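**Q** Below is the structure I would like to discuss, written out as structure tokens.
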Amino acid sequence: MFSRLRRFFALIGKALSSVWMRWFLIAFALIVLAPLIWFGFPLTGIAAISGPVLRGTVIVVLYALIGLIWYLRVRARRKKAQALEDSLVAAPVSDGKVLSEGMQDALAKLRQSGGRNFLYDLPWYIIIGPPGAGKTTALANAGIEFPGQDGATDRAAEFGGTRNCDWWFAEDAVLIDTAGRYTTHDSDGAADKASWAAFLDILKKGRPDQPVNGVILAFSIEDIMRGTDESIQRHAETVRARLAELHETLRIDVPVYAIFTKADLISGFREYFGAFSQSRRRLVWGHTFPTRDRKTRTHEQVPEAFDGLMTQLSDALVDRMTAEPDPAARIAIFGFPGQIALMRENMAEFLRHVFEPTRYKSNAILRGFYFTSGTQEGTPIDQVLGAMARDSDAAASFRPAFMSGKGKSYFLHDLLRKVIFAERDWVGFDRRAVRRRQILHTGGLSVIAVVALSLMTSFGYAFWKNADLMKDAEEDIAAYSDIAREELSRTVIADPDPSTVLSELARLRNVTAGFEGTDAPEYIADMGLSRYEELHQAARRTYSDGLERMLRPRLVLWMENTIPQLIADDDTAGVYRALKVYLLLGGQGPARAADGGAIEGYFDALWRRQYRALGETATRDQLNEHLSAMLELDDTRTDIIGIDPAIVRQARDAIVTLPLDEQAWAAIQDRALNAGLARVELASAIGGQVDQVLATNDGSDLNDLGVSGLYTFEGYWGFFLEELSSARTRLEEDRWVLGDAANRVDYDRQLGSLLRDLHRMYRQAFADAWNTVLSRLTMARMSADPPRYDTLGVASSSVDSPLLRLVQEVDRQTRLSRLYEEIDNMDASAAAAALAGGGDGIGNALGDAAFSRVYAGSGVFQRVVMDQLRAKGKEQERPEAAAGGGAPAPDDISQRAQVDRITSDFAIWHRLLEGDVSKRPIDGILSNLQALRENRRTAAMAPTPADETILRQTLATLTSNNSGLPTPLAAMLNKVQSEFSVVAQDATLGEIQRALNDDVAAFCQQNIGPYFPFGRNGRQVAPKIFGQFFGPGGRMDHYFSTYLQPHVVRGPNGLEPAPESAIGQRLSPALLRSFSAAEAIRLAFFASGAPEPEVEISVTHESSSPSVELAVLSLNGNALRTQPNSTAAQMVWPGPASGVSLSLFPEERNRESTLRFSQGRWDIMSFLRSARVRTNGNVANVTQEVGGRSITYRMEFDSTTVPFLMPELSQFSCPVSVE
């Protein structure tokens, strides 16, 4: 199977490599090239190359290039051939003259023959061999057509051999018949060697890449048959040396064809082959080695190949003998194979010596060996008889007949034409030349391959990308249809909020190949296959449809809801602007596309107010993008939504009384939005680390904070003044907004004060714009990065503090009068130089690039500057000016006064930058911030008790001059003061908390909280421990007086935060309740001021049951014997012992007479809690039941309350946190 495929592809390759196929393909390519370009270019979809003129030009240019390339190649081939001819006829050394003359004659005849191939294109073969080998005879009788052959044959016959070189030019090859002495060097060694070397140099110079295509080694069969081993080896070494020299000089691996001539001298040759026809005599008698590996040692295969020839002779022997009628000839035919066989060893040995490589040198390649006969001359050699002659005289007396030389050629024609000439490409090339050619060839093929591969890849990639493009577009439209199905089916719009359809519009805007067009393929991904533009246009139309269905109706509805409300609010200016936008949305008014700025400006301001929160800026930006797209895409639409004539009429009636200055001012604001004025983005203008120092007080994005470009230095000088000059014209242009109501407006009366009124309105809007933005600024948190406080370091930098840059930006944009100030400070010569330098000169002279920018774009500004400079230049010409008595022109006074008024509104900002650097007010503020940072760093890294005091002083200094600062800046400093005051408070509270933990909380939780009367633990707190904690100077009392007393006051319900104490306000209610309870406990149990609790109790036995004659009350070791109406008895708690008991006498049988409490010193509380008690201040009437009998005591305590029944004992909890 595979062999058949190989044969098939081999036939295809052979067919394609043939000359006629090559010419057919070239002709076919030339024929189809023009139609391919003419009809193919329009199919690419690229308009730039689809025009007929361009296609025709491309075809003509390509055919011209092909013709030029063909001409240059033919010309190059002719030049190569001419150079080769010149090199061949040049006389080198030794035999140069003879060589040149013979070469000139041969070339002349070749040119006259009109051969179709150039000399350089033909294969060249060298024929070498010893003298008398029959080289020339073989060529002359080979049956090959040679221009000039007759002359060459004549010379061969005349001289009996080739003296120098004969060039034989055939139609298919050039054969160089060299003199035998070139091979043997046996005539004149030095001269022969020089001639041979010169001959090789000629070949190398004339054909540097491939000097020859092969070497024909001609060797006489007579030398093989008669030669001794020594002579054969000597001949072989001579030939071997010539082949080595040829290889070293020409640097190619050349095939060698060994031809054994004069085969007719073998006995039996004439009889065996004599009957052959001419076609059979042209055949090849020999062997060509079938090998693809050029390194194969073919000379080792000679014996085997020779045996194959012998087999062929033997196989044909019977047929030849049968066909031969002459008995003597049959004898010769029969002996002919034997004659040939006797040459086997000598011929194999000869070829082995010639072609066997050595360790140091590679030799030529034996391509084949052959037997030929050019003519029959001489006496045939019978090797059998020769061998017998050495043994017998009888055999020696026999001699074959002598041949006359008038014969036929054998086995030459096909050998040359079909074997040697056919293998013209078998030869190698000069390795260096081959390397150069391979590099060029490989490079060329690589370029072609890369280009072809790139084109194929590009087309494949383009097809793939466009298929993906179509697929993605279909999927996007399907997704849009799904999410917008409800909205697309809606016929009535009731909700004017456009944000409700943002998701649908965003999906439609961002479809593949959509409105943005950001995914447009580059040409390399296009390759003429793109359908992108079609998809893009369809997507734009679909997007425009979506905007008209979903966005414009909502905007119109919004205006229809807004205009009546503005009319009700008597906001005439607002009605005017809203009406203008409403009319433009409805497609009314002249040049509505040019007035798109009015629509965009109106809704941008509206949406900035609605979506000002930090997370809502994206919504506003998306709405603005969709609005801009709607206005861009509606130029070609005729189906703009209609508007309500009633609302238009109502609005026009409302604004007919609107002053013209307000109309003009509204128009100026609208046009400013469309004039490309750069908005002052504060974050960008301040730069640096502004986001670390400044923030907005409403939580909005700082990057969104800015001032309209109308209210800047360039906005005033470059735009507002220009608008003032054309204000009257603009009012006339906007009369269409009023419609017929414009006829009721008294234009003439109001135009007189128009410019002054517009200046007033601009001044107010200028101040409002900046104050609104600046009032939204606040300081970021300065204490968030201890201990280094790098944020505070950025804020206090004397070079690039955002506070400093903020002040500088406000000064740069609001000090409009600095133009006059700069000119006032110039001398006359500088003014003249500025005038001469034009806009750039003015900018350089005034030191402000903004002047140059405004000067280049504003004619009004130019006039102002020029007038000022001219007036400055003429001051030295007016004596009164030099003396200070000059006065500017009235117009200048009016203009400058207006500018000064606007500038004066921000004088408080400008004063911050007055004075030398480091001594300006703003530098003092930065210095105070730096001092604050140093204080905090010191307190964090090496704290001292004085740090907090210094902090309070620094904060007081920071805000001491706030009354003279701009309100926004003063608010920022107040925020810093408050923040670090809190920091100081945090430090104080931290110290209070640490003391609470160390001195109170841990002790309380371990020794007080768990025990009775505070906890549920059965154990009771020892009076001594109780005194250490609650007593005067105890833990609670000491902590209170040390840490809490400055920050609290005593109120009716206990301790309260002191109103003037910020720390007190932060104290936790639980802490205050605990210390309030502790204070009450101290007053109740430590009335005497003793360190341990001591409560004096006066006990009176007031009444008891009739059967009770005596009662014994024992309180902590104090026994009181009482009877009814006895006098009061005194006792002190806690007493010497523990426990409480009450015994009633007399004792009665079957009735308890004693009540005991024996837990500890606090048993009195259990005694009181188990009885019925009525209290009145510090007196308690205690009625106790014992065995059915009762007794009532009156107990009076030396306190303001009954200590053991006070609620603070049960309410008290250990304080753990100050906040």
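**Q** Considering only residues that are of a type in the set (G, A, S) and in a helix (DSSP H, G or I), look in segment 1007-1050 and name the one that is surrounded by the most Cβ atoms within 10 Å (Cβ to Cβ).
**A** So the first thing to find is which residues in segment 1007-1050 are of a type in the set (G, A, S), and the list is 1009, 1015, 1018, 1022, 1027, 1031, 1033-1034, 1041.
Subset that is in a helix (DSSP H, G or I): 1027, 1041.
Values: G1027: 20, S1041: 11.
This residue is G1027.
**Q** Right, next: For segment 263-307, which positions are β-branched (V, I, T) and modelled with pLDDT of 85 or more? Walk me through how you get there before you give the answer.
**A** Step one: of segment 263-307, the residues β-branched (V, I, T) are 266, 284, 288, 291, 296, 298, 302.
Selection gives I266, V284, T288, T298, V302.
**Q** In addition: Does D840 satisfy the criteria of being part of a helix (DSSP H, G or I), at pLDDT below 90 and surrounded by fewer than 21 Cβ atoms within 10 Å (Cβ to Cβ)?
**A** Details: part of a helix (DSSP H, G or I): yes; at pLDDT below 90: yes; surrounded by fewer than 21 Cβ atoms within 10 Å (Cβ to Cβ): yes.
Yes: the conditions hold for D840.
**Q** Right, here's the next one. Is it true that N1007 is over 25 Å from Q953 (Cβ atoms) and at pLDDT below 90? Walk me through how you get there before you give the answer.
**A** Details: over 25 Å from Q953 (Cβ atoms): yes; at pLDDT below 90: no.
Against the criterion (over 25 Å from Q953 (Cβ atoms) and at pLDDT below 90), N1007 does not qualify.
**Q** Is segment 705-727 home to any residue that is surrounded by fewer than 18 Cβ atoms within 10 Å (Cβ to Cβ), outside any helix (DSSP H, G or I) and without any contact (Cβ under 8 Å) to a residue 60 or more places away in the chain?
**A** yes
**Q** Given the criteria surrounded by fewer than 19 Cβ atoms within 10 Å (Cβ to Cβ), charged (D, E, K, R), closer than 18 Å to V1021 by Cβ and more than 60 Å from the chain's Cα centre (by Cα), does R1189 qualify? Outline the logic, then answer.
**A** Working: surrounded by fewer than 19 Cβ atoms within 10 Å (Cβ to Cβ): yes; charged (D, E, K, R): yes; closer than 18 Å to V1021 by Cβ: no; more than 60 Å from the chain's Cα centre (by Cα): yes.
So R1189 does not fit the description; no.
**Q** Right, another one. Give the number of residues within segment 1096-1120 that are in contact with a helix residue (DSSP H, G or I) (Cβ under 8 Å, 6 or more places away or on another chain) and either part of a loop (DSSP other than H, G, I, E, B) or not assigned by TED's automatic domain parsing to the domain that holds P1146 (or both). Before the answer, list the steps.
**A** The initial filter retains those residues of segment 1096-1120 that are in contact with a helix residue (DSSP H, G or I) (Cβ under 8 Å, 6 or more places away or on another chain), namely 1115-1116.
Remaining after also requiring either part of a loop (DSSP other than H, G, I, E, B) or not assigned by TED's automatic domain parsing to the domain that holds P1146 (or both): 1116.
Qualifying residue count for the region: 1.
**Q** Does T296 count as within 60 Å of the chain's Cα centre (by Cα) and free of Cβ contacts under 8 Å to residues at least 60 places away in the same chain?
**A** Details: within 60 Å of the chain's Cα centre (by Cα): yes; free of Cβ contacts under 8 Å to residues at least 60 places away in the same chain: yes.
Yes; evaluated as a whole, the condition is true for this residue.
**Q** While we're here: Of the conditions (1) modelled with pLDDT of 85 or more; (2) closer than 30 Å to H536 by Cα, I640 clears all except one; give me its number.
**A** (1)
**Q** Still on this model: Among the residues of segment 282-302, are any under 24 Å from T375 (Cα atoms), assigned to a helix (DSSP H, G or I) and out of contact with any Leu (no Cβ under 9 Å at 6 or more places or on another chain)?
**A** Of the residues in segment 282-302, the ones under 24 Å from T375 (Cα atoms) are 282-288.
Of the ones still in play, those that are also assigned to a helix (DSSP H, G or I) are none.
Scanning segment 282-302 turns up no residue that is under 24 Å from T375 (Cα atoms), assigned to a helix (DSSP H, G or I) and out of contact with any Leu (no Cβ under 9 Å at 6 or more places or on another chain).
**Q** Inside segment 341-394, can you point out the residues that are in a helix (DSSP H, G or I), modelled with pLDDT under 70 and not hydrophobic (A, V, I, L, M, F, W, C)?
**A** The initial filter retains those residues of segment 341-394 that are in a helix (DSSP H, G or I), namely 341, 344-355, 383-389, 393-394.
Adding the requirement that they be modelled with pLDDT under 70 leaves 383-389, 393-394.
Those that are in a helix (DSSP H, G or I), modelled with pLDDT under 70 and not hydrophobic (A, V, I, L, M, F, W, C): Q383, G386, D393.
**Q** Restricted to segment 659-702, and to residues that are touching a strand residue (DSSP E or B) at 6+ places or on another chain (Cβ under 8 Å) and of a type in the set (V, I, T), which residue is nearest to Y762 (Cα to Cα)?
**A** V680
**Q** Name the pairs whose Cβ atoms lie under 9 Å apart, with the first residue in segment 1016-1037 and without any contact (Cβ under 8 Å) to a residue 60 or more places away in the chain and of a type in the set (K, R), the second part of a helix (DSSP H, G or I) and surrounded by 20 or more Cβ atoms within 10 Å (Cβ to Cβ), and 6 or more positions between them or separate chains?
**A** Sorted first by the residue in segment 1016-1037, then by its partner, the pairs are R1035/V1000; R1035/C1004; R1035/F1029.
**Q** Considering only residues of segment 330-351 that are closer than 20 Å to Q233 by Cα and of a type outside the set (A, V, I, L, M), which is surrounded by the most Cβ atoms within 10 Å (Cβ to Cβ)?
**A** F350
**Q** Now for a separate question. Would you be able to tell me the number of residues in segment 1158-1192 that are hydroxyl-bearing (S, T, Y) and over 27 Å from E1147 (Cβ atoms)?
**A** Within segment 1158-1192, the subset hydroxyl-bearing (S, T, Y) is 1158, 1166, 1170, 1175, 1183, 1190, 1192.
Filter once more, so that each one left must be over 27 Å from E1147 (Cβ atoms): 1175.
Here the count works out to 1.
**Q** Looking at this structure, is V302 buried (at least 22 other Cβ atoms within 10 Å of the Cβ), in contact with a helix residue (DSSP H, G or I) (Cβ under 7 Å, 6 or more places away or on another chain) and more than 30 Å from P327 (Cβ to Cβ)?
**A** Yes, satisfied.
**Q** Could I ask something else about it? If I ask for residues that are of a type in the set (G, A, S), closer than 21 Å to V1179 by Cα and exposed (fewer than 14 other Cβ atoms within 10 Å of the Cβ), which ones from segment 1090-1126 would you list?
**A** A1119
**Q** Name every residue in segment 259-285 that is charged (D, E, K, R) and free of Cβ contacts under 8 Å to residues at least 24 places away in the same chain, in order of residue number.
**A** Of all residues in segment 259-285, those charged (D, E, K, R) come to 262, 264, 270-271, 280-282.
Correct list: R280 only.
**Q** If we keep just the residues of segment 1121-1153 that are polar (S, T, N, Q) and part of a loop (DSSP other than H, G, I, E, B), which is nearest to the chain's Cα centre (by Cα)?
**A** Residues of segment 1121-1153 that are polar (S, T, N, Q), as a first pass: 1122-1123, 1125-1127, 1130, 1138, 1141, 1143, 1150, 1153.
Imposing the further condition that a residue be part of a loop (DSSP other than H, G, I, E, B) reduces the set to 1123, 1125-1127, 1138, 1150, 1153.
Details: Q1123: 106, N1125: 106, S1126: 106, T1127: 105, S1138: 88, N1150: 105, S1153: 101 Å.
My answer is S1138.
**Q** Here is a follow-up. Being under 24 Å from L412 (Cβ atoms), in a loop (DSSP other than H, G, I, E, B), touching a Leu at 6+ places or on another chain (Cβ under 7 Å) and touching a residue at least 40 places away in the same chain (Cβ under 8 Å) narrows it down to one of V212, V239, V256, so name that one. Step through it out loud before you land on a result.
**A** Values: V239 fails: in a loop (DSSP other than H, G, I, E, B); V256 fails: in a loop (DSSP other than H, G, I, E, B).
Within the list V212, V239, V256, the selection yields V212.
**Q** Looking at segment 1070-1082 only, could you name the residues that are crowded, with 17+ Cβ neighbours inside 10 Å and either of a type in the set (A, V, I, L, M, F, W, C) or part of a strand (DSSP E or B) (or both)? Give the derivation first.
**A** So in segment 1070-1082, the residues crowded, with 17+ Cβ neighbours inside 10 Å come out as 1071-1082.
Those that are crowded, with 17+ Cβ neighbours inside 10 Å and either of a type in the set (A, V, I, L, M, F, W, C) or part of a strand (DSSP E or B) (or both): L1071, L1072, F1075, A1077, A1078, A1080, I1081.
**Q** In addition: Kindly indicate whether any position in segment 971-980 is outside any loop (DSSP other than H, G, I, E, B) and either closer than 30 Å to F1086 by Cβ or in contact with a Gly (Cβ under 8 Å, 6 or more places away or on another chain) (or both). Before the answer, list the steps.
**A** If we filter segment 971-980 for residues that are outside any loop (DSSP other than H, G, I, E, B), which is where we start, we get 971-980.
Those left that are additionally either closer than 30 Å to F1086 by Cβ or in contact with a Gly (Cβ under 8 Å, 6 or more places away or on another chain) (or both): none.
Within segment 971-980, none of the residues are outside any loop (DSSP other than H, G, I, E, B) and either closer than 30 Å to F1086 by Cβ or in contact with a Gly (Cβ under 8 Å, 6 or more places away or on another chain) (or both).
**Q** Please enumerate the residues belonging to segment 327-365 that are among the acidic types (D, E) and touching a residue at least 40 places away in the same chain (Cβ under 8 Å). Let's see the steps before the verdict.
**A** Filtering segment 327-365 for residues among the acidic types (D, E) gives 345, 349, 356.
Passing the criteria: E349, E356.
Each row is one residue, and each column tells you yes or no for (1) modelled with pLDDT of 70 or more; (2) crowded, with 22+ Cβ neighbours inside 10 Å.
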| site | (1), (2) |
| --- | --- |
| A108 | no, no |
| W124 | yes, yes |
| A140 | yes, yes |
| E145 | yes, no |
| D150 | no, no |
| G160 | no, no |
| D166 | yes, yes |
| A179 | yes, yes |
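The values are calculated or read from the model by the stated rules, or taken from the named source; none is laboratory data. Keep in mind the model is a prediction, meaning the values are calculated, not measured. Positions of Cβ are generated from backbone atoms using ideal geometry, with glycine treated the same way; all protein chains shown enter the neighbour counts.
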